[in-house]
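The values are calculated or read from the model by the stated rules, or taken from the named source; none is laboratory data. All values reported here derive from a predicted model rather than from experimental measurement. A quick note on method: Cβ atoms are made from the backbone with ideal geometry, for glycine too, and the neighbour counts reach across all protein chains shown. Surface areas here come from the heavy atoms of the whole protein model, side chains and all, with no ligands, DNA or RNA. Shrake-Rupley method; radii C 1.70, N 1.55, O 1.52, S 1.80 Å.
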Amino acid sequence: MNALNLWIHSLRAEALGWTLFHFLWEGAAIAGALVLLLAALKPARARYAAACAALLAMALAFGITLAVEWPWHPPQFTILTGAPAWNFTGAVFANGTGATPFRWSDAVTWAPALWLLGVVGLYLYHLGSWMAAQRLRRMGTCLAPEMWQRRVRELAAIAGVSRPVALLESCLAEVPLMIGYLKPAIVTPIGLLAGLPPEQVEAILLHELAHIRRADYLINLFQTAVEGLLFYHPAVWWVSGVMRAERENCCDDSVVALQGNVHQYAAALFTVERSRSRAPQSALAATGNNLARRIRRLLGQPESRDLSLPVLPSALLLVSVAVALAAWQPAPAARQVQKPVDVLLAAQPAAPEPASFAIVAAEPVRANEPDAPPEPPAAQQSARPQAAVQPAPLDVTYIIADEERSAFLHQQAVSPQSATGRWQFLSDTSFIITPEERTAYTKLQTSEEQDKFIEQFWARRNPTPGAPTNSFHDEFYRRLSYAASHFAVLGNRTGAYTAPGWAYIKYGPPDQIEDHTSDARNPSLFWRYNYLEAFHNKAEFQFVKVGENYRQQLNFPPPLAIFTGVRAAADDLVTALNNESRQGQSAAPAQAATTGLPGTHATISISPEKPMVILSVPLDGLSGRVDVIGQIRAVSSTGAPGATVASVRDYVQASGSGGTWQSNFTLAHGSYVGRVVVRENATGGIYTEEINFEVK
Amino acid sequence: MHPKPTDLPRPTEAELEILAVLWSRGASTVRDVHAEVSRRKPTQYTTVLKFMQIMAEKGLVRRDERARAHIYRATRPQAWTQRQIAGDLLQRAFGGSAASMVMGALAAQKASPQELAEIRKLLDEYEKGTK
């Protein structure tokens, strides 16, 4: 099951899924073209050629689409940075799971597995049929009388068949048939050769010889292969049916051309058909080979009713076109789902600068907690619509700076207020609640309103609305209690607020765990997920043990591009930093800013798929508390040039022996400049750099 | 004693040739069968005789010894043998769909009586029209 899940979510399966999806309309379009062609073409040979071309075009369309969609250079999973434990800022994604509407991308997820199952099943079935057909040559057969063997050689010469053809009598065959390509054999039912007038036997033999000359046996094998591959599309079956019907017509025509006697041939077909044993036979798939229609065509009789464009296939065609068209609209949207709507998590409710940039910044987490005490009136009104309106799942990016967040939450959880459900709810759901919801909730006055809000909060996340139980709610609390009891590593702090506890609550148990906690130099724990919806990718968490606690880091596929910083001044940011209170840190007096970091340069790396922009600031040569400001400005993009599109304010404890501070952004396409200011509190040294980069 | 299908061995190719003659001609003497078989390929009379004696031992044919020339008949009708061969596992599972793998002048599916009547009419009309 695990392997299946992994495969389903692999890039290859996704490519296959989209190929299957696109072939819905491609196949319909090709079949539509064939309908028009058939209306214009009369001769059986031309119609057959058109149907062949259509089937070939379908196979090519499928192949080309697959080649276009195929991930030729899939990202390999590696650890992005070898950052030591103590100094990172991990990016964390909260996924507000609303009631998820049906998305075509979901169907595309499962389609490849079902399709593959169908193809394998059909191919096995065809293999069995082929083996059974091969046995028709050997089982219950004997060579036909010498006289007829000779006659077949003569007729073969007339019909233009150069390969030697065996003529067999079989007690199994009910009708004359032809098997094989390299060593073709005509198999007739016992008694047919003796029971029919010789001219009629010859007519039937000529028909089979025409099949041999046209290599129909081989073509039919290819046809069956394509049919099995694209079995899910009704248009393919229809085209294949046209091919089979026109193939018989072609052979009929060639018999008449050689013998010149239409009536005699039609009568031969009729006699053989009538002489078939009346015994019930095993159910066979109708091959759409309507004998009455064939004979009418041979005799030049007008069709009693024109069924050349059969009703059922056309209806199926229309349906598949409609489905493809209907799906066409949501399809691009479905792909965009991969780019989450990121929301500014800063405390300022004036949240995201609309559309011009996909993301704004993530502010340090401390600013992020519900700080405002409950505000009076209007709040209640604003809470309601919010609860009702907010429909789509929101992917929220925020940053867990460090353990302070946990400490804060824990404090709330154990504070006297929390005895009431009010803060308990917020601390329980702190990993999944959206900032809007949090703001709305803190403004609620009465416990009735809060109860109502909580009820709606879970109802919005219920994957099966109307069901007696809310599986999301139940699973969430199961994980919460599991995490609380299993990941409590620091004093009396509950395990839910440690890094592994957090990951467990958000993403459930990992698919793979690698324990390196006994590694003295870099004690860490790796959790790997084969697929995480929030990232549309596999993901790896690295929890680094620090004392008794863990810090986590999310590792991504390798970057598409890395941009390196250059020495540059950033006076405005330096001023901003210096104007801040030092938060009680005993710091040296401010110094003049130095351009360039003391160690290696800062980098911007762009990881594929999201795309995710990662700002890394190496901390070589720095120690103690280090304040960091990172800022991203647009140079040219969809927004106004010069505008600040993201900024981060953070601090880390540097050991002096290296390490990296990181922060993640999601940016729209465009050119940007990233600016970094680092202040080492102990010395008061300030360092600045900037990085020009481009998101393609 | 009526042996079940499995009691009789499956006829070999040569045996089937002889059975085919007996099925189409009905009860025949060895001489008749030999005449028929030699039309397919030159065969010694004694070869046919030997084969038919073996087949009688196997139970594939029955010998009537009342007449001066022994008369042979097939123990089982053609349809029975056909079923016996078709009873093979592979044929049972895939015999039906094997039709999609071979080329035939006639469809795998039998024409209905109505269709046959319609064709009959078409042929008659055509004949009248050309005369």
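Key figures for this structure:
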quantity: Relative intensity, log₁₀ I(q)/I(0), of region B:5-74 from a Debye sum that treats every alpha carbon as a point, q = 0.12, 0.14, 0.22, 0.28 Å⁻¹; calculated: -0.27, -0.37, -0.92, -1.46
quantity: Within 10 Å of each Cβ in B:10-20, the average number of Cβ atoms from other chains; calculated: 4
quantity: Under 15 Å, Cβ to Cβ, from residue A:616 - net charge with Lys/Arg +1 and Asp/Glu -1; calculated: -3
quantity: Burial ranking of peptide ranges A:642-653, A:253-264 (average Cβ count within 10 Å, highest at the top); calculated: A:642-653, A:253-264
quantity: Counted charge near residue A:514, where neighbours are those whose Cβ lies closer than 10 Å (Asp, Glu -1; Lys, Arg +1); calculated: -1
quantity: Packing rank of B:72-80, B:17-25, where each peptide gets the mean count of other beta carbons within 10 Å, highest leading; calculated: B:17-25, B:72-80
quantity: Other protein chain Cβ atoms within 10 Å, averaged over every residue that makes up A:135-144; calculated: 6
quantity: Formal net charge of residues neighbouring residue A:179 (Cβ-Cβ distance under 12 Å; K, R +1; D, E -1); calculated: +2
quantity: Ranked packing of A:442-454, A:464-476, A:207-219, most packed first, by mean Cβ within 10 Å; calculated: A:207-219, A:442-454, A:464-476
quantity: Pairwise burial A:B, computed as accessible area of each alone minus the pair, summed, 1.4 Å, Å²; calculated: 5100
quantity: Above-threshold pairs, the threshold being 31 Å between Cα atoms, out of A:42/B:121; A:42/B:128; A:443/A:696; B:58/B:110; calculated: A:443/A:696; B:58/B:110
quantity: Cβ neighbours within 10 Å from other chains - mean over A:174-181; calculated: 5
